[in-house]
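The values are calculated or read from the model by the stated rules, or taken from the named source; none is laboratory data. All of these numbers come straight from a predicted model, not from anything done at the bench. No Cβ is skipped: glycine too gets one built from the backbone with ideal geometry, and neighbour counts run over all protein chains shown. Side chains are part of the model used for accessible areas, which takes the heavy atoms of the whole protein and leaves out ligands, DNA and RNA. Shrake-Rupley method; radii C 1.70, N 1.55, O 1.52, S 1.80 Å.
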Amino acid sequence: METSVLFSPGKIGPLTIRNRTIRAAAFESMCPGNAPSDMLYDYHTSVAAGGIGMTTIAYAAVTQSGLSFERQLWLRPEIIPGLKRITDAIHKEGAAASIQMGHCGNMSHKSICGCMPISASSGFNLYSPTFVRGMKASELSAMAKAYGQSVHMAREAGMDAVEIHAGHGYLISQFLSPYTNHRKDEYGGSLQNRMRFMRMCMDEVMKAAGSDMAVLVKMNMRDGFKSGMGIYETLEVGRVLQDECGAHALILSGGFVSRAPMYVMRGAMPVSTMSYYMPFGWLPPFVRYFGKWVIPTVPFKEAYFLEDALQFRKALTLPLVYVGGLVSREKIDEVLGHGFEFVSMARALLNEPDFVNRMKQEGDARCDCGHSNYCIARMYSLEMACHKKMEDLPKRIVREIEKYEYK
Ligand SMILES: Cc1cc2nc3c(=O)[nH]c(=O)nc-3n(C[C@H](O)[C@H](O)[C@H](O)COP(=O)(O)O)c2cc1C
Ligand code: SF4
């Protein structure tokens, strides 16, 4: 007898999803000119055809200043028809469509975002590397409204849900974290103050979402380093999102791209591969020779966020989405058995877009992702791809990937 809820429908706010799987927001790098492309269409259609409950188009910037990559979506009226073509195709396959929206804050460069990157506080971000301008209090309401306007555009584009990126050290997370928020006004200092900008964004988002769109929030359970947020504070963020902001579901993640990037994905960053795909300049040799120290390895294990996520499950009642290191049906059933309503996967579906359908047929299905993180190293200049689907990779890359696979 089938005891798993994996292939039963689940609800997030007003939305019913055909099963409990979500394709996690994972930057596709398939949007030249910051607009959807045929590649983006093909990838999301293939995941929808592969049985996913809901697929998430990744990381659309709510303003131009929020762009961190050249080939990243920027939500604006002229791209709505292109997105609608994609959501129509996703729906035709029986899946729901969501879009992650956010702002990169300090993780950009003038050449990409068109201005000096902004954040909660001024400073220097080694990640880009760039000087950063702290936002004036008078600018915050317009930024929050940009989130609301993006939700309206998502609806016009046929999205069933929106996902607000409040984790991983992007703008909302930069306000939440004491590591990047040194403000002396009502947006800095206490946790209540650091949450104020997130609340403003959520007010606009929930107003715009009305009664027909689902709102998910991706948040950190830990920033992943000593001076960042810990679980004591993030549990309160989760409670506020549930009880005061009215979010319909939380996606529980962790890590801070500019300070603890591998805490998000675990494993090693293949720095030689990363430098190979970076544009020319001084950065590629720097990354190749010093990357190991700047981007330290964090050991991988299946379902690596489960322990922390269980604390959220105990404290909160809204639907929770588990993400992080799911590669087998067995572990997915275990996670769902703990009371998480949904599971979300990025690399498993990059490695095998129809992994969900295979899980339906094989009770012990396991995908072949070896968490070498080639796909992450590559995304700085090329479209998302799994090395297992590629031929003729340079020997230097093959050697490095072999060193890190399944470690
Ligand atoms: C290529 C790639 C790009 C990613 N881009 C994003 C992103 O745009 N937004 C986000 O919230 N997380 C991003 N992530 C993180 C994933 O959503 C997910 O949280 C993480 O990979 C852990 O899940 P997994 O073990 O199923 O891959 C990315 C991951 C990968 C592999
Ligand atoms: S490139 Fe590596 S880490 Fe990424 S999906 Fe493929 S096997 Fe997994």
- Note on the structure: Under 5 Å from the placed amide H of Val217, counting only residues 5+ away or on other chains, we find Ile164, Ala249, Leu250, Ile251
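Within the set of other residues whose C-beta is less than 13 Å from the C-beta of Lys331, count the net charge using Lys and Arg as +1 and Asp and Glu as -1. Numbers along the way, then the final one.
Working: positive: Lys301, Arg329, Arg366; negative: Glu302, Glu330, Asp333, Glu334, Asp364.
Every neighbour counted, the sum reads -2.
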- Message: Given a 1.4 Å probe and heavy atoms of the protein chains only, how would you sort Thr273, Thr63, largest accessible area at the top?
- Response: Thr63, Thr273
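Using just the Cα positions, wrap region 139-283 in a convex hull and report its mean projected area in square nanometres, one decimal place.
It is 10.8 nm².
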- Placing each pseudo-label 7 Å from Cα in the direction of the beta carbon, Lys407 and Glu139 end up separated by a distance in nanometres of 4.1 nm
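Tell me the per residue accessible area of region 270-330 using a 1.4 Å probe; a whole number in Å² is fine. Working shown, then result.
Values: 3210 Å² over 61 residues.
For region 270-330, the per-residue accessible area is 53 Å².
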- Message: Can you tell me how region 265-305 classifies by the Cα gyration tensor, rounded, prolate or oblate, using a/c under 1.5 as the rounded cut?
- Response: prolate
- Item | Heavy-atom accessible area per residue - region 1-156, 1.4 Å, Å² | 38 Å²
- Item | Relative counts (whole %) of C-alpha pair distances in region 1-152, using bins that are 5 Å wide | 2, 9, 16, 18, 17, 13, 10, 8, 5, 2, 1, 0
- Once Glu163, Glu307, Glu244, Glu405 are ranked on solvent-accessible area with the largest value leading and a 1.4 Å probe, the list reads Glu307, Glu244, Glu405, Glu163
- Assign unit charges at the C-beta atoms only (+1 for Lys and Arg, -1 for Asp and Glu), then state the dipole size of the chain relative to its Cα centre in Debye, rounded to the nearest 20. 980 debye
- Message: From zero outward in steps of 5 Å, how is the percent of C-alpha pairs of region 46-103 spread across the bins?
- Response: 4, 19, 26, 21, 16, 10, 3, 0
- Three-way shape label, region 303-380, alpha-carbon gyration tensor, a/c 1.5: oblate
- Query: How much mean residue ellipticity at 222 nm does the chain get from its helices, if each DSSP H run of length 4 or more adds -39500 (n - 2.57) and you divide by all residues, to the nearest 500 deg cm²/dmol?
  - Reply: -10500 deg cm²/dmol
- In square angstrom, rounded to the nearest 10, how much accessible surface does Glu139 have for a 1.4 Å probe? 50 Å²
- Computed over the chain, the relative contact order (Cα-Cα under 8 Å, seq sep at least six) in percent reads 16 percent
- What Kirkwood radius, in Å to one decimal, follows from the Cα pairs of region 267-339? 15.0 Å
- Tell me, rounded to the nearest percent, the portion of alpha carbon pairs in the chain spaced more than 35 Å apart. 20 percent
- Say the dipole of the chain comes from +1 at the beta carbon of Lys and Arg and -1 at that of Asp and Glu; which of Pro319, Trp282, Asn357 then lies farthest toward its positive end? Trp282
- Message: When 1/r is averaged over all different Cα pairs and the result inverted, which Kirkwood radius in Å belongs to region 249-391?
- Response: 16.5 Å
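Using a 1.4 angstrom probe with every protein chain in place, what is the largest-first accessible-area order of Trp293, Trp282, Trp74? Provide the component values of the computation, followed by the final result.
Details: Trp293 180, Trp282 155, Trp74 60 Å².
Sorted descending by solvent-accessible area, the residues read Trp293, Trp282, Trp74.
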- Note on the structure: Residue-normalised value, i.e. accessible area per residue, for region 172-214 at 1.4 Å probe, in Å², stands at 39 Å²
- Could you check how much of the accessible area of the chain is carbon and sulfur, as a whole percent, using a 1.4 Å probe? 55 percent
- Task: Please give the solvent-accessible surface of Cys245 in Å², to the nearest 10, using a probe radius of 1.4 Å with every protein chain present.
- Result: 20 Å²
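Take the cross-link list Lys301/Lys403; Lys184/Lys226; Lys360/Lys407; Lys84/Lys388; Lys292/Lys403 and give me the ones stretching past 20 Å between alpha-carbons.
The pairs that break the limit, which is 20 Å between Cα atoms, are Lys184/Lys226; Lys360/Lys407; Lys84/Lys388.
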